[in-house]
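> For reference, the structure I am asking about is given below.
Coordinate-derived values only; no laboratory data. This is a predicted model, so every value here is computed, not measured. Here the Cβ is made from the backbone with ideal geometry for all residues, glycine too, and neighbour counts use every protein chain on show.
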Amino acid sequence: MDNHLYINREISWLSFNERVLQESCDPTVPLLERLRFLGIFSSNLDEFYRVRIANVQREIDYVTEKGIKLTKYGYDPGELMLEIQKAIRKMRLRYEQTFETLKRELSDGGVHIINETQLTAEQGALVRNYFKEQVLRKLVPIMIPSVGNAFPLLHDNFIYLAVGLRKSKSKKPARVALIEIPSKVLPRFYVLPKQGRHAYVMLLDDVIRYNLDEVFSILDYDTYSAHVIKISRDAELDFDDDLSQSFSQRVSKSLKERKIGRPVRLTYDKNIPADVLDLVMKGLGLSDERFLLPGSRYHNFRDFMNFPILGRKSYSYPRFSPLPHPAAPAIKRLFTVLKEGDMLLHYPYHTFDYNIELLREAAIDPYVTEIKITLYRVAPQSSLINALVNAQRNGKSVTAVIEFQARFDEEANIELANRLSDEGIRVIQGVSGLKVHTKVILIKRPRKRDTERYGVISTGNFHERTAHLYSDTALFTSNRKLLKEVEQLFDFFDYNYRSHHYNHLLVAPFNMRTELEHLIDQEIESAHLGDEAYLMVKVNSLVDDSMIAKLYEASQAGVRIRMIVRGICRLIPGVPGLSDNIEVRSIVDKYLEHSRIWIFSHGGQPKYYIASADWMERNLDRRVELAVPIIDKKLQAELRDLFEIQWADNCKARLINKEMSNTYVRSAQADHRSQIALEAYFAKKLNP
């Protein structure tokens, strides 16, 4: 394999997060939305450290232990770590500068983010009162010994104030205390009363700083310094082979071990006193500078995704209300609608409520006997889950396949499984050795001569909240052939040793990879014959070596390939003689692009698919994924329109290239922002 033909995965991911950072720097984006993108950037970076950096460190440990050399896509693990750190430090500087710029612009507009040194006497009294009534009893300061090995366990991705306690006339080293900032149980932002048109917001960190004398009032100190620190730990789940325990027990055990996983990053306020930082580093057992990331006064910027609006509606994007689907007026039963034909739902442009209504209808329909669903992530207090529970109470046989290894949702999914089991719902705890990532609903309704089946096959989770934020596509159908194969898939969940043949669905890890390769080979053959040959692919990530090699082969044969890849893209487009027929773009805008759409020319009879899978090795080989063909010609045209509208974006689309420059796609035509254009497109379909 030629390493120069592939971009390193980690470096490509950082390039994606730079596109997120670009949104926070864009003056055309409303101010609070720019703050939100800073929060997304920060949250993404947290996960990158906990997962990808941790994995690179494991590789470093492995090659060090074995005394071998390992080169992967142009880097050995040590070199890669240095490149990653270099890129992150550069982005962090831009990120901190952007925050200061946003603070100034917000202040110019009358929204002031103030700290403990900027309070008026009146504001100070209010902060004191709020602290005593709401904050103080939630603080548990931990006094750190200056010698010895006793050091508290710092929780992953929590923020702490490292407080130096001193006597003003003493020359003794500072006594150090740690205070966990309780942003999980209190708002991160305290909103002070307005003064005219001016609004004032204070971070919880600074509320605590203003009241340190109250926190340590029983101690004989009069000088305090407080600086934020944050530890990120390896989030990989390691499972043991104790077969005497259930899978949920093993996941729960592994989650406990994650909480004490090896530190992979210590982020801290760069102004922290050297002696305080040294004590923290020794306590955590950190000495390698690769794990240290100096930063600004504030951390956990993901909280800025929930910054208060403060009545400044112009500082946020105008709210778009999800639309009803023109094929499903409120007065008609969904079963009746689906008997007449398939429906494609596109979130957030269409309302997610159809999923809930379909399950509610099934729950009370006297002829429905079975409901089956796969669950990867669901919303808290989910109405969809309530509909499943009601169906079980109404005597339906309900089965839920719940993936316990949905990263960072493991505990929530174990709790969900226990709740559903308590209600009598049959819970299948995933599949050993595979993640169940597909999103499917199947409803069976026996009639006298036949069994009616209704189903939903989606590119995204059955999650009410994210359906307002993520762009996904779902097929609602009563197609017998498709849903019989969906039923085969649920049979596999019951009996993992059974294999099935799928004529219509592409199912990973069984036939998806081979069928995709076959479809691309057909395009290659068409190109060799001089016939029209093209691919249009929309995915979140393009990582798999074999799929990239197949795309290079297709490009060399003359197949025109257009790809919209939101995140990681290891393919290098535009290389003469290799990938000069491949163009790749990425769209980052107010909605997270999450749908997967695949379109093949197929000898003049185009094939259309929507899928839960990205083109990554894990999706194609180690997960249960599903791609469903879209058969209805009108729905095919709708998918084609969607792709073309996004491809024409000249406001929020970036070119993906070898240099990872993230250059915006620009044209002489009028501004075309695809997500806004799609809002108008689906509104017009509702009211032509």
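> Quick one: what Rg and Dmax do you get for the range 366-420 from the alpha carbons, in Å?
Answer for the range 366-420, Rg first and Dmax second: 11.7, 39 Å.
> From zero outward in steps of 10 Å, how is the percent of C-alpha pairs of the range 1-109 spread across the bins?
13, 38, 26, 15, 6, 1
> With only alpha-carbon atoms counted, please give the Rg and Dmax of the range 473-612, in Å.
16.4, 50
> Moving on. Using Rg and Dmax of the Cα atoms in Å as the read-out, say which of (i) 29.9, 120; (ii) 31.5, 113; (iii) 27.2, 93 was calculated from these coordinates.
Given (i) 29.9, 120; (ii) 31.5, 113; (iii) 27.2, 93, the structure-derived one carries the label (iii).
> Could you derive backbone 3J(HN,Hα) for the range 388-401 from the dihedral phi with the Karplus parameters 6.51, -1.76 and 1.60 (θ = phi - 60°), listing whole Hz in sequence and x where the residue is Gly or Pro?
Ordered by residue, 3J(HN,Hα) equals 5, 4, 5, 4, 4, 5, 8, x, 7, 8, 10, 10, 10, 8 Hz.
> If the chain between HIS155 and CYS25 were fully stretched, how many nm would it gain, using 0.36 nm times the residue separation less the Cα-Cα distance?
Working: separation 130, 0.36 × 130 = 46.80 nm, distance 3.13 nm.
The HIS155-CYS25 span can extend by a further 43.7 nm.
> Under the Karplus relation 6.51 cos²θ - 1.76 cosθ + 1.60, θ = phi - 60°, what is the ordered set of whole-Hz ³J(HN,Hα) values for the range 455-466, x standing for Gly and Pro?
x, 10, 10, 10, 7, x, 5, 7, 9, 4, 6, 5
> For an R0 of 25 angstrom, estimate the FRET efficiency from the Cβ-Cβ distance between ARG447 and GLN488 and round to the nearest 0.05.
0.75
> Take GLU644, GLU625 and order them by how many other Cβ atoms sit within 10 Å, fewest up front.
Values: GLU644 12, GLU625 26.
Final ranking by Cβ density, sparse to dense: GLU644, GLU625.
> How long is the gain from LYS66 to GLU105 if the chain were fully straight, where each residue apart is worth 0.36 nm and the alpha carbon distance is subtracted?
Numbers: separation 39, 0.36 × 39 = 14.04 nm, distance 5.36 nm.
Here the answer is 8.7 nm.
> Which order do ILE272, ILE7 fall in if you start with the one that has the fewest other Cβ atoms within 10 Å?
Listing ILE272, ILE7 from fewest to most nearby Cβ atoms yields ILE272, ILE7.
> Provide the three semi-axes, in whole Å and in decreasing order, of the ellipsoid equivalent to the range 334-494 as defined by the square roots of 5 times the Cα gyration tensor eigenvalues. Walk me through the numbers on the way to the answer.
On the way: eigenvalues 100, 69, 47 Å².
For the range 334-494, the semi-axes come out at 22, 19, 15 Å.
> Let's see if you can work this out: charge +1 on each Lys and Arg Cβ, -1 on each Asp and Glu Cβ, no other charges. What is the dipole magnitude of the chain about its Cα centre, in debye to the nearest 20?
Details: 97 positive and 90 negative charges, 321 e Å.
That gives the chain a dipole magnitude of about 1540 debye.
> Amide H of VAL624: which non-local residues (sequence gap of 5 or more, or other chain) have their own amide H closer than 5 Å, using H built in the peptide plane?
LYS435, VAL436, HIS437, THR438
> Sort the following peptides by mean Cβ neighbour count (other Cβ atoms within 10 Å, averaged over residues), highest first: 392-399, 583-590, 653-660, 668-675.
On the way: 392-399: 17.4, 583-590: 21.4, 653-660: 19.1, 668-675: 14.4.
So the peptides 392-399, 583-590, 653-660, 668-675, ranked by packing, come out 583-590, 653-660, 392-399, 668-675.
> While we're on this one: For ARG498 and VAL191, compute 0.36 nm times the residue count separating them, minus their Cα-Cα distance, and round to one decimal in nm.
Values: separation 307, 0.36 × 307 = 110.52 nm, distance 5.88 nm.
Computed gain between ARG498 and VAL191 is 104.6 nm.
> Out of residues 5 or more away from VAL401 or on other chains, whose amide H comes under 5 Å of its own, with H placed 1.01 Å from N in the peptide plane?
Amide H neighbours of VAL401, under 5 Å, 5+ apart: ILE373, THR374, LEU375, ILE428.
> Follow-up question, since we're still on this one. Arrange TYR354, TYR608, TYR317 by Cβ neighbour counts within 10 Å, fewest through most, would you?
Working: TYR354 20, TYR608 23, TYR317 17.
Ordered by Cβ neighbours within 10 Å, fewest first: TYR317, TYR354, TYR608.
> Let me ask something else. Work through the residues other than TYR317 whose Cβ is under 13 Å from its Cβ and net out their charges, Lys, Arg +1 and Asp, Glu -1.
Working: positive: ARG34, ARG36, ARG312, LYS313, ARG319, LYS590, LYS652, ARG673; negative: GLU23, ASP26, GLU33, ASP589, GLU679.
After counting each charged neighbour, the total is +3.
> 5 Å is the cut-off here: which amide hydrogens, built 1.01 Å from N in the peptide plane, fall below it relative to ARG233, excluding neighbours closer than 5 in sequence?
Close amide H contacts, sequence-distant or interchain: ASN157, VAL264.
> Give LYS481/LYS538; LYS444/LYS538; LYS184/LYS538; LYS138/LYS167; LYS313/LYS538 a once-over and call out the pairs whose C-alpha atoms are over 28 Å from each other.
On the way: LYS481/LYS538 26 Å; LYS444/LYS538 32 Å; LYS184/LYS538 36 Å; LYS138/LYS167 26 Å; LYS313/LYS538 33 Å.
Result: LYS444/LYS538; LYS184/LYS538; LYS313/LYS538 exceed 28 Å.
> Between ALA274 and LYS481, take the C-beta separation as r, use R0 = 60 Å, and let me know the FRET efficiency to the nearest 0.05. The partial results should precede the final answer.
Working: r = 69 Å, r/R0 = 1.16.
With R0 = 60 Å, the Cβ-Cβ based efficiency is 0.30.
> If you don't mind, another one. What FRET efficiency would be calculated for the residue pair LYS169, THR117, taking the C-beta separation as r and a Förster radius of 30 Å, to the nearest 0.05? Can you show the working numbers first?
Values: r = 23 Å, r/R0 = 0.77.
Working from the Cβ atoms, E equals 0.85.
> For the range 527-599, build the charge dipole from Cβ charges (+1 Lys, Arg; -1 Asp, Glu) around the Cα centre, then report which of ILE564, HIS528, SER546 sits farthest towards its positive end.
Result: ILE564.
> When all alpha-carbon pairs of the range 506-686 are counted, what percent fall beyond 30 Å?
Details: 2447 of 16290 pairs.
Summing the P(r) tail past 30 Å for the range 506-686 gives 15 percent.
> How large is ³J(HN,Hα) for each residue in the range 109-122, as worked out from phi by the Karplus curve 6.51 cos²θ - 1.76 cosθ + 1.60 (θ = phi - 60°), to whole Hz, x for Gly and Pro?
Coupling constants for the range 109-122: x, x, 10, 10, 8, 10, 10, 5, 8, 10, 7, 6, 4, 5 Hz.
> Right, next: Summing +1 for each Lys or Arg and -1 for each Asp or Glu, what net charge is found among the other residues whose Cβ lies under 14 Å from the Cβ of ILE371?
+1
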